[in-house]
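J.: Here it is: the structure, laid out below.
The values are calculated or read from the model by the stated rules, or taken from the named source; none is laboratory data. Here the structure is a predicted model, which means the values were calculated and not measured. Ideal geometry is used to build each Cβ from the backbone, glycine not excepted, and the neighbour counts take in all protein chains shown.
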Amino acid sequence: ALGQHWFHSAVVYQIYPRSFADSNGDGVGDLGGVINRLDYLGHLGVDVVWLSPVYRSPQDDNGYDISDYQDIDPLFGSLADLDELIAGLHERGMKLVMDLVVNHTSDEHPWFAESRASKESPKRDWYWWRPPRPGHEPGTPGAEPNNWASFFSGPVWEFDEATGEYYLHLFSKKQPDLNWENPEVRRAVYAMMNWWLDRGVDGFRMDVVNFLSKDPALGDAPATEGQPYSHDRSGYVCGPRIHEFLQEMHREVFASRAPGLLKVGEMPSVTLEDAVLFTDPARAELDMVFQFEHVNLDHLDGNKWRPGALRLTDLKASLGRWQSGLADRGWNSLYWGNHDQPRAVSRFGDDGAYRELSAKMLAGVLHLHRGTPYIYQGEELGMTNMAFTGIDAHRDIEVLNHYREATSGLGLDPIEVLAAIAPLNRDNARTPVQWDAGPAAGFSTGTPWIVVNPNAVEINAADQVDREDSVFSFYRQLIRLRHELPVIADGDFTMLLPNHEAVYAFTRRLGAAELLVLGNFSGDPQQVDVGDPGWADADLLLGNYSGSPSLDLRPWEFTCRLRT
Ligand code: ISL
């Protein structure tokens with residue numbers, strides 16, 4: 001069963017277009033900017049580009065609120081630009097994966113406009129409309145049809161005066177949830193997906209795809225202590241018909257097409273048991289899922305606005321469990337960051353004195369797991385979190401809503417709220433890619449829509465692309481190794497030293513080839529005994545220090561040895 005899936009040896013690069021590169025000087029990244037950087041991506045060596053949404057959108061959630069699935073927002077360019085991007089990627093041997101956001105649309109999508117027009121609208125049932133809770137004054141707190149909390153603060157219900165009913169929105173009130181129970185909705189989505197695949201795109205990253213199936217009862221969830229609305233997700237995470245829907249999507253969209261397309265599902269709160277089912281090739285649902293366990297370990301009470309310390313032993317236990325759980329059936333996606341997460345080097349490494357070493361160590365450890373690695377734009381440069389100067393510098397609806405609720409709503413101290421949002425807010429990942437040390441970091445000739453990190457003077461692509469010991473060059477080497485060595489793509493995985501507080505250690509094996517991977521997650525030297533002294537003589541495949549290393553590790557050291 002080894003070596004049969006092309007994506008085992010592939011590396012995916014995520015572009016968040018608004019922050020990638022601006023070609024027309026309006027301060028917002030666009031498709032022209034991506035097209036201008038195709039050689040950069042080719043030089044890095046990635047196989048697939050995942051492009052965050054560029055469809056027509058009011059931009060309430062930076063494009064994750066779509067008002068036309070079959071057009072490009074003028075902010076980003078045109079369909080002709082997208083065709084040019086597809087061609088440019090294909091010419092260079094890369095694929096394009098689009099973001100598929102079909103749990104919800106924008107409230108400005110014509111489907112929703114029709115749905116909200118009247119209770120008799122033929123599209124009424126395309127979204128989730130419910131009457132107010134009996135015995136409550138419609139539109140007042142407590143009259144919501146159930147007690148669920150929105151991801152973006154407040155309830156998931158918005159009252160619509162015109163028809164006296166509420167509609168459901170798990171995210172912003174400008175992102176009403178589609179009703180996947182309705183077969184017309186599903187048919188419309190599959191037709192749209194087929195249209196894109198016919199146009200030449202190579203697959204989809206499916207936004208919150210495990211929320212598509214909801215129990216139509218939409219009952220109250222168990223209350224969350226200290227919160228006005230419930231944060232329990234059991235009413236919509238991996239609901240009763242989710243596997244059926246994904247199998248239907250496969251039949252209607254993918255089954256009759258040539259192999260080589262990518263289907264990756266973003267799945268907050270997915271369990272390992274469910275992930276095995278979603279990614280078992282025999283079930284024909286998805287190739288892999290993004291799970292969230294390892295990026296929630298530093299939340300207290302599961303609340304990202306209450307950041308806590310991360311223990312390496314917890315990180316290893318979590319990732320190790322996913323490695324063994326998907327060893328025989330299914331497949332892992334591997335990521336440290338994306339546009340919703342803070343910068344990897346700031347979160348898991350040291351973004352001060354050891355920034356370059358720790359960025360490389362993190363890359364090496366992640367990419368040598370079994371699974372398909374994802375690089376989030378700028379990660380390959382070791383870009384860091386941003387020290388935002390105040391709430392005015394923020395742009396993300398999630399953090400803005402939270403700040404308003406916590407300060408004006410709950411009366412918390414603004415200074416404390418700002419301190420609490422600093423480490424994990426999504427704007428950390430959304431500052432522009434740092435291309436050079438010039439104005440606006442070479443991102444734009446205009447005024448960027450969000451602040452540029454001042455550390456662009458030191459951390460930028462111009463400095464790194466041709467420098468052999470750069471973070472960028474290290475990523476290039478890791479990508480090349482995955483392409484060349486079957487043991488990286490398909491070898492099995494064994495975690496070592498699970499109780500070590502600072503060292504991440506594992507082996508990979510395929511036939512006679514065996515890798516030993518060691519990463520020091522600390523700024524202190526570490527003694528390492530993996531119980532097999534033979535490793536000391538094995539060839540060093542890759543390391544982040546120059547000179548020959550021992551099995552003991554220097555601060556943030558990474559080594560990978562190969563024996564055959
Ligand atoms: O970042 C999060 C909140 O802390 C996540 O819970 C995030 O909202 C969740 O992973 C879903 O993300 C996806 O759908 C959202 C969109 O805002 C995110 O950017 C997208 O990745 C709604 O479409």
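J.: Check V237, V270, V201 and return the single one that is buried (at least 17 other Cβ atoms within 10 Å of the Cβ), free of Cβ contacts under 8 Å to residues at least 60 places away in the same chain and in a loop (DSSP other than H, G, I, E, B). Steps first, answer last, please.
T.: Values: V270 fails: free of Cβ contacts under 8 Å to residues at least 60 places away in the same chain; V201 fails: free of Cβ contacts under 8 Å to residues at least 60 places away in the same chain.
After applying the criteria, what remains is V237.
J.: Next up: Looking at W322, W336, can you tell me which residue is assigned to a helix (DSSP H, G or I) and either within 20 Å of E379 (Cβ to Cβ) or more than 16 Å from the ligand (Cβ to nearest atom) (or both)?
T.: Details: W336 fails: assigned to a helix (DSSP H, G or I).
Within the list W322, W336, the selection yields W322.
J.: Now, a different point. Inside the range 287-307, can you point out the residues that are closer than 22 Å to V12 by Cβ, within 16 Å of the ligand (Cβ to nearest atom) and part of a loop (DSSP other than H, G, I, E, B)?
T.: Q291, F292, N296 - these are the residues of the range 287-307 that are closer than 22 Å to V12 by Cβ, within 16 Å of the ligand (Cβ to nearest atom) and part of a loop (DSSP other than H, G, I, E, B).
J.: Please pick out the residue among T564, T507, T494 that is in contact (Cβ under 8 Å) with a residue 40 or more places away in the chain and either loosely packed, with under 15 Cβ neighbours inside 10 Å or not acidic (D, E) (or both). Quick ask: steps written out before the conclusion?
T.: Details: T507 fails: in contact (Cβ under 8 Å) with a residue 40 or more places away in the chain; T494 fails: in contact (Cβ under 8 Å) with a residue 40 or more places away in the chain.
Among T564, T507, T494, only T564 is in contact (Cβ under 8 Å) with a residue 40 or more places away in the chain and either loosely packed, with under 15 Cβ neighbours inside 10 Å or not acidic (D, E) (or both).
J.: Identify all residues within the range 531-554 that are over 29 Å from the mean Cα position of the chain (by Cα), closer than 18 Å to L312 by Cβ and modelled with pLDDT of 95 or more; write none if there are none.
T.: Across the range 531-554, the qualifying residues are L553, R554.
J.: Let me ask something else. State all residues of the range 143-161 that are of a type in the set (A, V, I, L, M, F, W, C) and either within 22 Å of Y64 (Cα to Cα) or assigned to a strand (DSSP E or B) (or both); if no residue qualifies, say none.
T.: Taking the range 143-161 and keeping what is of a type in the set (A, V, I, L, M, F, W, C), we get 143, 148-149, 151-152, 156-157, 159.
Hits for the range 143-161 are W148, A149, F151, F152, V156, W157, F159.
J.: Moving to a separate point now. Whether any residue in the range 310-332 is crowded, with 18+ Cβ neighbours inside 10 Å and among the β-branched types (V, I, T) is what I want to check.
T.: no
J.: With the requirement that a residue be among the small types (G, A, S) and farther than 16 Å from L542 by Cα, what does the range 457-488 give you? Spell out the reasoning first.
T.: Step one: list which residues in the range 457-488 are among the small types (G, A, S), which gives 461-462, 470, 473.
Within the range 457-488, A461, A462 meet the criteria.
J.: Please go through the range 162-178 and give me each residue that is in contact (Cβ under 8 Å) with a residue 60 or more places away in the chain and assigned to a loop (DSSP other than H, G, I, E, B), ordered by number.
T.: Taking the range 162-178 first, the residues in contact (Cβ under 8 Å) with a residue 60 or more places away in the chain are 169-178.
Residues satisfying the conditions are H169, L170, F171, S172, K173, K174, Q175, P176.
J.: Which of (1) on the phi > 0 side of the Ramachandran plot; (2) buried (at least 17 other Cβ atoms within 10 Å of the Cβ); (3) of a type in the set (A, V, I, L, M, F, W, C) is the odd one out, the single condition A284 does not satisfy?
T.: Only one criterion in (1) on the phi > 0 side of the Ramachandran plot; (2) buried (at least 17 other Cβ atoms within 10 Å of the Cβ); (3) of a type in the set (A, V, I, L, M, F, W, C) is unmet by A284, namely (2).
J.: Condition first: part of a loop (DSSP other than H, G, I, E, B), of a type outside the set (D, E, K, R) and closer than 16 Å to I72 by Cα. Now tell me which residues in the range 1-22 satisfy that.
T.: Step one: filter the range 1-22 for residues part of a loop (DSSP other than H, G, I, E, B), giving 1-5, 10-11, 16, 20-22.
Within this subset, residues satisfying the condition of being of a type outside the set (D, E, K, R) are 1-5, 10-11, 16, 20-21.
Listed by number, the list holds a single entry, Y16.
J.: Scan Y376, Y354 and give me the residue that is more than 16 Å from the ligand (Cβ to nearest atom) and at negative phi.
T.: Working: Y376 fails: more than 16 Å from the ligand (Cβ to nearest atom).
Answer to the selection: Y354.
J.: For the range 45-60, what are the residues that are part of a strand (DSSP E or B) and more than 14 Å from the ligand (Cβ to nearest atom)? Show your work before the answer.
T.: Let us first name the residues in the range 45-60 that are part of a strand (DSSP E or B), namely 48-51, 55-56.
Within the range 45-60, V48, V49, R56 meet the criteria.
J.: Go through the range 341-360 and report how many residues are crowded, with 23+ Cβ neighbours inside 10 Å, of a type in the set (D, E, K, R) and assigned to a loop (DSSP other than H, G, I, E, B).
T.: Residues in the range 341-360 being crowded, with 23+ Cβ neighbours inside 10 Å, of a type in the set (D, E, K, R) and assigned to a loop (DSSP other than H, G, I, E, B): 1 in total.
J.: So, one more: Select from the range 319-373 the residues that are polar (S, T, N, Q) and within 25 Å of E285 (Cα to Cα) and list them in ascending order. Step through it out loud before you land on a result.
T.: If we filter the range 319-373 for residues that are polar (S, T, N, Q), which is where we start, we get 323-324, 332-333, 338, 341, 346, 358, 372.
Passing the criteria: Q323, S324, N332, S333, N338, T372.
J.: Also: Taking the range 406-436, which residues are within 16 Å of the ligand (Cβ to nearest atom) and either in a loop (DSSP other than H, G, I, E, B) or out of contact with any Pro (no Cβ under 9 Å at 6 or more places or on another chain) (or both)?
T.: Just the residues of the range 406-436 that are within 16 Å of the ligand (Cβ to nearest atom), to begin with: 406, 417, 420-431.
Correct list: V417, A422, P423, L424, N425, D427, R430, T431.
J.: Among G63, G42, G77, which is part of a helix (DSSP H, G or I), more than 19 Å from A191 (Cβ to Cβ) and at pLDDT 95 or above?
T.: G42
J.: Pull out all pairs, ordered by first then second residue, where Cβ-Cβ is under 6 Å, the residues are six or more apart or on different chains, the first lies in the range 97-109 and is more than 16 Å from L286 (Cα to Cα) and away from the ligand (no atom under 11 Å from the Cβ), and the second is modelled with pLDDT of 95 or more and outside any strand (DSSP E or B).
T.: From the range 97-109, the pairs are D107/K174; D107/P176; E108/P58; E108/S67; H109/S67.
J.: Inside the range 284-331, can you point out the residues that are touching a Phe, Trp or Tyr at 6+ places or on another chain (Cβ under 6 Å) and among the polar types (S, T, N, Q)?
T.: Result: Q323, single match.
J.: Turning to a different aspect of this structure: Could you list all residues from the range 143-198 that are under 19 Å from R241 (Cβ atoms), more than 16 Å from the ligand (Cβ to nearest atom) and surrounded by 21 or more Cβ atoms within 10 Å (Cβ to Cβ)?
T.: N179, M193, listed by residue number.
J.: When you go through L481, L540, L516 one by one, which is the residue that is in a strand (DSSP E or B) and crowded, with 19+ Cβ neighbours inside 10 Å?
T.: Details: L481 fails: in a strand (DSSP E or B); L540 fails: crowded, with 19+ Cβ neighbours inside 10 Å.
Of the residues listed, the single one that is in a strand (DSSP E or B) and crowded, with 19+ Cβ neighbours inside 10 Å is L516.
J.: Residue check, S67 against (1) away from the ligand (no atom under 14 Å from the Cβ); (2) among the polar types (S, T, N, Q); (3) over 15 Å from P17 (Cβ atoms), all met but one. Which one?
T.: For S67, the failing item is (1).
J.: Here's a follow-up. May I ask you to verify whether R395 is basic (K, R), in contact (Cβ under 8 Å) with a residue 40 or more places away in the chain and either over 30 Å from V289 (Cβ atoms) or not in a loop (DSSP other than H, G, I, E, B) (or both)?
T.: The answer is no for R395.
J.: Does V253 satisfy the criteria of being assigned by TED's automatic domain parsing to the domain that holds M192, in contact with a Phe, Trp or Tyr (Cβ under 6 Å, 6 or more places away or on another chain) and not in a loop (DSSP other than H, G, I, E, B)?
T.: Working: assigned by TED's automatic domain parsing to the domain that holds M192: yes; in contact with a Phe, Trp or Tyr (Cβ under 6 Å, 6 or more places away or on another chain): yes; not in a loop (DSSP other than H, G, I, E, B): yes.
Considered against the rule, which asks whether it is assigned by TED's automatic domain parsing to the domain that holds M192, in contact with a Phe, Trp or Tyr (Cβ under 6 Å, 6 or more places away or on another chain) and not in a loop (DSSP other than H, G, I, E, B), V253 comes out as yes.
J.: Answer yes or no: is there a residue in the range 28-38 that is part of a loop (DSSP other than H, G, I, E, B), within 16 Å of the ligand (Cβ to nearest atom), within 25 Å of V471 (Cβ to Cβ) and not hydroxyl-bearing (S, T, Y). Talk me through it step by step, then tell me what you get.
T.: Here is the first cut: in the range 28-38, the residues part of a loop (DSSP other than H, G, I, E, B) are 28-30, 37.
Going one step further and asking which of them are within 16 Å of the ligand (Cβ to nearest atom), we end up with 29.
Next, only the ones that are within 25 Å of V471 (Cβ to Cβ) stay: 29.
In the following step, the residues that additionally are not hydroxyl-bearing (S, T, Y) were identified as 29.
Yes, because at least one residue in the range 28-38 is part of a loop (DSSP other than H, G, I, E, B), within 16 Å of the ligand (Cβ to nearest atom), within 25 Å of V471 (Cβ to Cβ) and not hydroxyl-bearing (S, T, Y).
J.: Restricting to the range 360-392, what's the tally of residues that are touching an Asp or Glu at 6+ places or on another chain (Cβ under 8 Å) and either over 20 Å from H483 (Cα atoms) or aromatic (F, W, Y) (or both)?
T.: 5
J.: Something else now. Please work out which residue is surrounded by the most Cβ atoms within 10 Å (Cβ to Cβ), limiting yourself to the range 111-123 and to residues that are in contact (Cβ under 8 Å) with a residue 40 or more places away in the chain and under 16 Å from D65 (Cα atoms).
T.: Selected residue: F112.
J.: Moving to a separate point now. Pick from the range 124-140 the residues that are closer than 17 Å to V185 by Cα and without any contact (Cβ under 8 Å) to a residue 40 or more places away in the chain: which of them is surrounded by the fewest Cβ atoms within 10 Å (Cβ to Cβ)?
T.: Checked the range 124-140; the qualifying residue surrounded by the fewest Cβ atoms within 10 Å (Cβ to Cβ) is R124.
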